[in-house]
Each structure stands twice: as structure tokens, then as C-alpha cells.
Amino acid sequence: MVTDRGIVPVQGGQYKLLADEQVADLHNATMEVLEEVGIKLLHEEALALMESNGCSVDYDESIAKIPESVLMKCLSR
């Protein structure tokens with residue numbers, strides 16, 4: 001279908017920048033960083049919140065390590 005202005009409408013979600021395997025690789029690499037390296041949080045209350053939700057927290061280094069199960073639970077909300 002072409003509009004009267006010569007435009008072919010395209011439904012969203014058809015263009016894929018990455019293949020499914022590449023998306024999975026990116027997800028796995030991201031999870032490895034979050035679980036093994038963690039993120040630095042310079043706010044004590046944020047660290048406590050992360051810990052209370054299942055993250056491993058090093059208060060001396062201000063690092064929270066996020067397990068995949070915690071991240072996926074959060075994303076599902």
C-alpha cells in the first residue's frame with residue numbers, strides 16, 4: 001500500500017539492528033558485568049535498598065552486585 005504522497009507505511013518492530021544471538025550475547029555480557037563487577041553507588045540508602053532486594057553489597061567499596069534473578073524480577077514489574 002502506498003499513500004497518495006508516495007509513502008509506504010511500515011509497521012514498527014520490523015527492523016532488527018542485532019540478530020537474536022547477538023542480543024543474547026549482549027544480555028549475557030551485561031549480566032556478567034552486573035553480577036561479577038557490580039555498580040558503584042555512592043548513596044548508603046541506595047546500597048541498603050539494593051541489599052534488601054537480593055543484591056550483594058560491599059559497603060566499604062560502595063559496590064552492589066546484581067544477580068540476574070533480581071534484575072529480571074525488577075524488569076518484569
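What follows is calculated from the coordinates using simple rules that are stated; it is not laboratory data. Treat the numbers as computed from the prediction; the structure is a model and nothing was measured. When we count neighbours, we look across all protein chains shown, and the Cβ atoms used for this are built from the backbone with ideal geometry, even at glycine.
Before moving on, here are some points about what is shown:
- Overall, the chain carries a charge dipole of about 580 debye about its Cα centre when +1 sits on the Cβ of Lys and Arg and -1 on the Cβ of Asp and Glu, all other atoms neutral.
- Between Ser56 and Lys73, the simple label model (points 7 Å from Cα in the Cβ direction) yields a spacing of 1.7 nm.
- Take the Cβ atoms of Glu45 and Val23, set R0 to 35 Å, and the FRET efficiency comes out at 0.55.
- Identified option (computed Rg/Rh (Cα atoms, Kirkwood Rh); candidates (i) 0.95; (ii) 1.39; (iii) 1.29): (iii)
- Sequence-separation-based contact order of the chain, relative, with Cα cut under 8 Å and 6+ spacing, percent: 23
- Qualifying lysines (Cα of each under 20 Å from Cα of Lys65; at least 8 residues distant if same chain): Lys40, Lys73
- Selected from Lys40, Lys16, Lys65 as most flexible by GNM, with the chain as the system and alpha-carbon contacts under 10 Å: Lys16
- R0 of 25 Å, Cβ-Cβ distance Gln14-Glu35: FRET efficiency to nearest 0.05: 0.15
- Computed 3J(HN,Hα) for segment 28-41, one whole-Hz value per residue from the Karplus formula 6.51 cos²θ - 1.76 cosθ + 1.60 where θ = phi - 60°, is 4, 5, 4, 5, 4, 5, 5, 7, 9, 9, x, 10, 8, 10, glycine and proline marked x.
- Amide hydrogen neighbours beyond the local backbone of Ser56, cut-off 5 Å, H modeled: Lys65
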